[in-house]
Amino acid sequence: MIEINEVSKIFTGRGAPFTALDNVSVTIRENEFFTLLGPSGCGKTTLLRVIAGFIDPTKGTVTLDGQDLVSLPPYKRPVNTVFQSYALFPHMTVAQNIAFGLEMLDKPRAEVKKTVDEMLALVRMTEMADRKTSEISGGQQQRVALARALAPRPKVLLLDEPLSALDFKLRKDMQLELKRLQSETGITFVFVTHDQEEALTMSDRIAVMNAGKIRQIGGPRDIYDHPAERFVADFIGDTNFLDVELLSIAGEQATVRLPSGAEAQVRAPGEGVAPGPVTLAVRPEHASLSGGAGAVLPGTLANVVYFGTDTHYHVDLDGGGRFVLRQQNQPDQAQTRTVGDRVEVTLAPGVGQVLRD
Ligand code: ATP
């Protein structure tokens, strides 16, 4: 278990001091696939480097299983890093690359050989053991980089955007592969990405970061279905924001009045939000044009966009604002709605989320 407690990092170069991490606290559990997600420059890599030991925090503590990490140099930490540029040795073979770290640790030859064979099998590269790493593909190099980092059996593997150099199809395959490696080895993975889909598909939990702060921590479903604030709702997936009036809160449920005057049952915000004007976030797939139970927003269809698996409907709401909703297509389904039609957007009951800000 990694405990990061009130960590700040202020860079003081030639320019004005810059706060890259602002009082970050997070606990990463043993054996979990934990992702730091956020836009470029939000401090993800800085936090990863603080854990690795390449950057000293300006303040705060980092412990692993109760042991202080900050006072340990990087090479003494039971932590390994996979970088975006795999940093393999091109003149060495696949097997030699994987063996390298183990040899540095002066492991006996028989043990090195055994571990290298295990790692080759783990990343499915046994057949390529004797190839030079300059003679294998980008995806294969990525596997070797992973095998090399996993070989010394670190307690924690840090991964800094390791899939960003791969093409789309390969990246999809490697996402599943990484998830498999994590569950087979039981090693804690701390994964950095700015790609929300990557984070949602692979992670046990996600920390969403912005401007040096962690804004929300939760499982993928929790973060997607129940974003706590506007930044998170906006950064992950598509969202409609509605100006509504919060009428009452009962536990996790809240009642709001929509701009149409209808009342809707939605998810309550976190603590500290009082009745009055608030923002309601609704995912495009959490509303429909085909009626059913739920509160209604009338409007006029402004655009219909076909996407293969689904169709997006853009609705100009009466009283202002646009609502985008997404409906799954059925095979050979006729398109019955056309631009200019009067429609009613029906919100699925209970799924909208009142935001904290
Ligand atoms: P990206 O996805 O682009 O890699 P990131 O979220 O990983 O972004 P960091 O690399 O952690 O971002 O950087 C956070 C902020 O700190 C950035 O604004 C960056 O310019 C700044 N920063 C990073 N390293 C230094 C440094 N050595 N000196 C000064 N500022 C730095």
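Laboratory data are not the source of any read-out in this text; all were calculated from the coordinates shown. Quick caveat, the model's predicted, so the values are computed rather than measured. Cβ: placed from backbone, ideal geometry, glycine included. Neighbour counts: every protein chain shown.
Every Cα-Cα pair of the stretch 179-274 was included, and the share exceeding 21 Å stands at 45 percent.
Below 8 Å between Cα atoms, with a sequence gap of 6+, how large is the relative contact order for the stretch 2-225 in percent?
So the answer I get is 29 percent.
Can you tell me which of 24-32, 276-284 comes out highest on packing, and rank the rest after it, using the mean Cβ neighbours within 10 Å?
On the way: 24-32: 16.0, 276-284: 19.2.
Final packing ranking: 276-284, 24-32.
The label point for GLU184 and the one for ILE10, both projected 7 Å from the Cα toward the Cβ, are 4.7 nm apart.
Filter the cross-link list LYS76/LYS107; LYS44/LYS113; LYS44/LYS155; LYS9/LYS172; LYS44/LYS172; LYS59/LYS213 down to pairs whose alpha-carbon distance in this structure exceeds 25 Å. From the list (LYS76/LYS107; LYS44/LYS113; LYS44/LYS155; LYS9/LYS172; LYS44/LYS172; LYS59/LYS213), the Cα-Cα distance tops 25 Å for LYS44/LYS113; LYS9/LYS172. Length gained on full extension, ARG337 to THR309: 8.4 nm, using 0.36 nm per residue less the C-alpha separation.
Where Rh denotes the Kirkwood radius from the mean inverse Cα pair distance, what is Rg over Rh for the stretch 42-141?
Values: Rg = 16.4 Å, Rh = 15.7 Å.
In the stretch 42-141, Rg relative to Rh is 1.05.
Each peptide in 237-250, 321-334 gets a packing score, the mean of other Cβ atoms within 10 Å over its residues, and the list from highest to lowest is 237-250, 321-334.
Would you please report the Å³ per residue occupied by the convex hull of the alpha carbon atoms in the stretch 238-354? Display every interim value, and only then the final one.
Details: hull volume 11.6 nm³, N = 117.
Hull volume normalised by residue count: 99 Å³.
Taking a point 7 angstrom from the Cα of SER40 along the C-beta vector, which residues in the stretch 169-199 have backbone N less than 20 Å away? Residues 192-199 qualify, since their backbone N sits under 20 Å from the label point. Computed over the chain, the per-residue total of -39500 (n - 2.57) for DSSP H runs of n ≥ 4 gives a 222 nm mean residue ellipticity of -7000 deg cm²/dmol, rounded to 500. Stokes-Einstein, applied to the Kirkwood radius of the stretch 1-57 over Cα pairs at a viscosity of 1.002 mPa s and 20 °C, places its translational diffusion at 175 µm² s⁻¹. Largest GNM mean-square fluctuation among GLY218, GLY41, GLY251, using the chain with Cα springs under 10 Å: GLY251.
Could you give me D for the stretch 310-357, from Stokes-Einstein at 25 °C and 0.890 mPa s, where the hydrodynamic radius is the Kirkwood radius over C-alpha pairs? Units µm² s⁻¹, please.
Details: Rh = 13.1 Å.
Rounded, D is 188 µm²/s.
Distance between the pseudo-spin-label points of THR63 and ASP234 (7 Å out from Cα toward the beta carbon): 3.8 nm. What's the center-to-center distance, using Cα atoms, between the stretch 26-71 and the stretch 292-343 in Å? If you average the Cα positions of each part, the centres end up 44 Å apart. Multiplying the residue separation of ARG124 and SER164 by 0.36 nm and subtracting their alpha-carbon distance yields 12.3 nm.
For the stretch 289-335, the spherically averaged projection of the C-alpha convex hull amounts to 3.7 nm². Across every direction, the projection of the convex hull enclosing the Cα atoms of the stretch 104-258 has a mean area of 12.7 nm². Ranked from largest, the principal axis spans of the Cα set of the stretch 133-219 equal 43, 29, 21 Å.
On average over all directions, what projected area in square nanometres does the stretch 2-225 have, based on the convex hull of its Cα atoms? Before the final figure, lay out each step's value.
Values: hull surface 51.6 nm².
For the stretch 2-225, the mean projected area of the Cα convex hull comes to 12.9 nm².
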